[in-house]
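Please treat every number below as a calculation from the coordinates, not as lab data. Remember, it's a predicted structure, so these values are computed and weren't measured experimentally. Cβ coordinates were reconstructed from backbone atoms using ideal geometry, including for glycine residues, and neighbour counts include every protein chain displayed.
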Amino acid sequence: MNFNAQHLIFGTAQFFIIVVLAPFFAGFIHKLKQRARGQKGIGIFQFYINFNKLLKKELVLSKDATFISDIAPHIVIVSYLVILLMLPAFYRYSLLGVSSDVILIAYSLALATFFMTLYAMDQGSAFGGLGASREWFLTVLSEPSLIFVFISLAIYTKHGRITDIFYFIQKGAANAFLSGIHSGAVSIAIPFLLFISLFIVSISENARIPIDNPETHLELTMFHEANILEASGKHLGIYEYASYLKLTVFFTVMSLILFPYMAANISQIPLALIIYVLKMIILCILIAVVEIVNPKMRVFRAPNVLSVSFILSLIAMILSIRGF
Amino acid sequence: MIMEKIAELFIILILVSVVLNVSSPFIKFAIKLYSFQSLMLAFYILMGAVHFNSINLYGSFVITVIFKVILIPYFLFKTLKKVKMDKEIDMYIGIPEAVVFAGSLTLLSNLIAQKIIKTGITFGSFVFTISLATFLIGAMLMITRKTLFSQIIGFLTIDNAIFLAANSITHGMPLLVELGVLFDLFVSILILSILILNLRRNFAV
């Protein structure tokens with residue numbers, strides 16, 4: 001088989017596997033939370049059924065809606081799909097690996113949030129503006145730490161593309177732990193700091209419990225939900241699928257920072273896929289435990305937590321500049 | 001090589017616990033964090049003991065666990081129960097500002113450590129940077145907090161930072177010196193708790 005054809009086939013397969021698995025991870029977290037509360041809980045595959053049902057339902061738009069409402073959901077989901085095309089989740093040569101710059105990834109996430117808030121305000125309801133304002137309140141606080149995480153990864157590994165970054169970490173870890181070769185560039189402390197920082201950011205960005213509770217529709221607690229309150233039918237389905245994809249993006253980056261294992265040829269792919277799913281399930285359990293243990297935080301306490309995340313990524317950047 | 005990197009993880013956890021201490025307004029959580037921080041310090045000393053195979057460092061590990069991880073937090077919790085002061089910590093500046101200030105102190109300590117290492121004194125450069133940052137953040141905790149109880153946490157943090165720096169320079173202090181320092185700290189904590197109790201009784205602050 002031609003080498004480029006192999007990249008094309010396995011890169012495409014990787015992309016589709018991640019996209020199909022995304023609602024499963026969200027459903028798994030939901031199931032764990034419900035079992036911990038003593039409820040019977042929905043099935044793990046309930047979110048697939050919901051998506052299918054929503055696609056068939058009628059789409060209702062406000063009479064004030066402009067063309068923004070038509071394009072916004074698609075831009076939101078496409079920006080997450082583009083990021084997933086770049087991430088080397090378990091196969092090293094992802095489809096868009098050549099152009100997977102870290103800054104591009106950070107700003108694709110911001111683009112999605114921008115269009116989601118535009119959609120919220122475009123409908124002309126009072127809740128939309130409220131939700132957009134709250135969403136940006138959190139995003140502005142978590143954006144710096146996200147950018148710092150990516151930049152310190154780039155400085156730490158001296159590569160700009162995310163595929164090269166994770167391949168560098170994998171190679172360094174394999175050299176240090178398996179064959180004991182002395183290489184000064186590998187560190188445990190920096191990935192660990194970045195992991196904690198990214199974990200806090202992912203809780204806030206994915207509307208998880210200490211910061212936000214997406215299960216309720218009380219106007220006091222709505223962050224993420226207020227943005228998509230007016231969405232119905234196909235648009236709601238797309239938004240919900242986009243939120244699962246966002247969760248998968250964050251989890252994949254976290255799992256790659258802490259334990260990168262990417263297959264380079266066909267024989268390693270089954271093992272790499274199994275390890276990837278295991279890592280994701282462990283992260284799901286971790287975030288479910290955080291959600292079960294903690295109560296919902298006051299809104300104005302969110303800057304305390306997010307500033308910790310910012311400072312930890314700053315410390316990681318200082319350490320990677322010093323070259324520890 | 002791997003040992004060194006795992007030791008770096010323990011040191012980083014000390015700094016993370018101090019930053020969390022700045023960000024959290026709860027006293028009980030702060031005492032628990034101090035206990036955790038001392039445990040990480042003890043593990044760091046234990047790794048040094050395994051590496052250099054020195055009996056002094058093993059002794060130092062045991063003493064640190066007994067005094068800093070168990071006894072001092074125990075007495076602090078006991079005092080807290082007697083004072084019945086389970087409120088949030090008051091600070092002169094807001095929490096996000098304090099955390100960002102702690103980050104800039106880390107930057108500053110990084111610059112200072114680079115200058116000092118250039119002079120040729122053989123410091124472990126990573127450990128020295130982190131211990132300097134921990135020292136400065138502990139000092140900031142003492143300055144910015146309003147009540148005596150929360151200032152004690154800052155004092156203990158500074159003590160941990162000095163302990164860390166001392167362990168980075170030498171292959172462990174003589175056991176007698178370390179015992180003396182720890183006993184000093186323990187007595188000062190006892191005196192401070194009595195002071196808090198008496199202040200509470202006489203002035204009801």
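From the Cα gyration tensor of chain B, with a ≥ b ≥ c the square roots of its eigenvalues, which class applies: rounded if a/c is under 1.5, or else prolate if a/b is larger than b/c, or else oblate? Note, shape of chain B comes out oblate.
In this rough spin-label picture, where each label sits 7 Å from Cα along the Cβ direction, the A:A126-B:K28 distance is 3.9 nm.
Model label points for B:T147 and A:R322, set 7 angstrom from Cα along the Cα-to-Cβ axis, are 3.5 nm apart.
Among the DSSP helices (H) of chain B, those spanning at least 30 angstrom by Cα along their long axis with an average Kyte-Doolittle hydropathy of -0.5 or more are B:2-23, B:27-52, B:95-118, B:148-169, B:175-203; this is a geometric and hydropathy rule only. A quarter of the convex hull surface defined by the alpha-carbon atoms of segment A:217-316 gives 9.5 nm² as the mean projection. How about segment B:43-107: which chymotrypsin sites (Phe, Trp or Tyr not before Pro) there lie in a loop by DSSP and see at most 16 other Cβ atoms within 10 Å? Answer in residue order: B:Y92. Debye-formula intensities of segment A:259-324, expressed as log10 I(q)/I(0) at q = 0.11, 0.25, 0.26 Å⁻¹, are -0.53, -0.98, -1.01 (one equal scatterer per alpha-carbon, no solvent).
The 3J(HN,Hα) values that the Karplus relation (6.51, -1.76, 1.60; θ = phi - 60°) gives for segment A:309-314 are, in residue order, 4, 4, 5, 5, 5, 5 Hz. Gly and Pro appear as x. Of the residues A:G41, A:G129, A:G160, the one that moves most in a GNM of chain A with alpha-carbon contacts below 10 Å is A:G41. For the protein assembly as shown, the Cβ-based charge dipole about the Cα centre amounts to some 1120 debye (Lys, Arg positive; Asp, Glu negative; other atoms uncharged). Counting only lysines at least 8 places from B:K115 when in the same chain, those with an alpha carbon closer than 28 Å to its own are A:K158, B:K5. Globularity index of chain A is 1.00 (Cα radius of gyration / 2.2 N^0.38 Å, N = number of residues). As a quick test, which of the pairs A:K33/B:K81; A:K296/B:K28; A:K31/B:K84; A:K279/B:K68; A:K31/B:K81 have an alpha carbon distance above 30 angstrom in this structure? Too far apart for the 30 Å limit: A:K33/B:K81; A:K31/B:K84; A:K279/B:K68; A:K31/B:K81.
Counting Cβ atoms of other protein chains within 10 Å of each Cβ in A:186-192 and taking the mean gives 6. The radius of gyration of the Cα set in segment A:92-225, together with its Dmax, comes out at 18.7, 62 angstrom. Springs between alpha-carbon atoms under 10 Å, Gaussian network over chain A: tell me which of A:D164, A:D70, A:D101 tops the mean-square fluctuations. Maximum among the listed residues: A:D70. Applying 1/(1 + (r/R0)^6) with r as the Cβ-Cβ distance of B:E97 and A:A5 and R0 = 56 angstrom yields a FRET efficiency of 0.50.
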